1. Would you be able to tell me the number of residues in region 106-138 that are open to solvent by less than 20 Å² (accessible area, probe 1.4 Å) and either among the charged types (D, E, K, R) or touching a residue at least 24 places away in the same chain (Cβ under 8 Å) (or both)?
2. Would you confirm whether or not region 111-125 contains a residue that is within 17 Å of ILE35 (Cα to Cα), among the β-branched types (Val, Ile, Thr) and not assigned by the TED database to the domain that holds ILE35?
3. HIS181 versus (1) touching a residue at least 60 places away in the same chain (Cβ under 8 Å); (2) assigned by the TED database to the domain that holds GLY21: which is the lone unmet condition?
4. Could you check how many residues of region 139-174 are surrounded by 21 or more Cβ atoms within 10 Å (Cβ to Cβ), under 20 Å from SER18 (Cα atoms) and free of Cβ contacts under 8 Å to residues at least 40 places away in the same chain?
5. Any residue in region 98-121 that is more than 14 Å from the chain's Cα centre (by Cα) and among the basic types (Lys, Arg)?
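The values are calculated or read from the model by the stated rules, or taken from the named source; none is laboratory data. Please read all numbers here as calculations on a predicted model, not as lab measurements. Positions of Cβ are backbone-derived with ideal geometry, glycine not excepted, and every protein chain shown enters the neighbour counts. Side chains included, ligands, DNA and RNA excluded: accessible areas come from the protein's heavy atoms. Shrake-Rupley method; radii C 1.70, N 1.55, O 1.52, S 1.80 Å.
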Amino acid sequence: MKKQGESQCTQKTISLLSPLGTIQVSGCENGVHTIQILMDVAPAERSSGAPLSCVVNDSLAETSPELQCCVEWLQAYFSEPQTTGSLPLPAFHHPALLGDSFTSRVLQVLLRDVTFGKTVSYKRLAEMAGNPRAVRAVGGAMRRNPVPLLIPCHRVISSTGQSGPYMSGKGNHLKQWLLTHERQGGEG
């Protein structure tokens, strides 16, 4: 049942080939709904001098400005990741990001306060979101993040310094790759 005031969206999905494998970005004219990392190939090995890239597999014709903005941000993240802090983020149009829930608050704090190349523990993120005892809820918020990479759930690690699970444990190697990519600033 549609909630009052909720509008129908016409979503479009764009596929990108990245060092992580295929990434699918879905959104509408109001903003990005989801980013899915399909894990169809192992992360690319980085060789010195070879630029990383994120290539669009689909036509960007008739794509909303918000999806185009997202694609440009992702392309910059893989080729010149240190520049992403100065790039505009697309609008988000997913219920988990629009409400006033604890999940939404955690994801907004993560996006705003955990900058490129930095990490934060689940416990510290719970404190930053206003509920120091909600460590498990922070883990749940990371699992429900509809736009990984843009909202950098890969930057959330355990208090012991271990990387912790990513994509329900199936993408742990991707989390390690992303953290290394950011530590190195994308340079070979």
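1. Initial filter on region 106-138 (open to solvent by less than 20 Å² (accessible area, probe 1.4 Å)): 106-107, 109-110, 114, 120, 125-126, 129, 134, 138.
Then drop every residue that is not either among the charged types (D, E, K, R) or touching a residue at least 24 places away in the same chain (Cβ under 8 Å) (or both), which leaves 106-107, 110, 114, 120, 125, 129, 134, 138.
Residues that pass the stated criteria total 9.
2. As a first pass, look at region 111-125 and keep what is within 17 Å of ILE35 (Cα to Cα): 111.
From what's left, among the β-branched types (Val, Ile, Thr): none.
Within region 111-125 (the criterion being within 17 Å of ILE35 (Cα to Cα), among the β-branched types (Val, Ile, Thr) and not assigned by the TED database to the domain that holds ILE35), the answer is no, since none of the residues qualifies.
3. If we test HIS181 against (1) touching a residue at least 60 places away in the same chain (Cβ under 8 Å); (2) assigned by the TED database to the domain that holds GLY21, just (2) comes out false.
4. The total comes to 2.
5. yes
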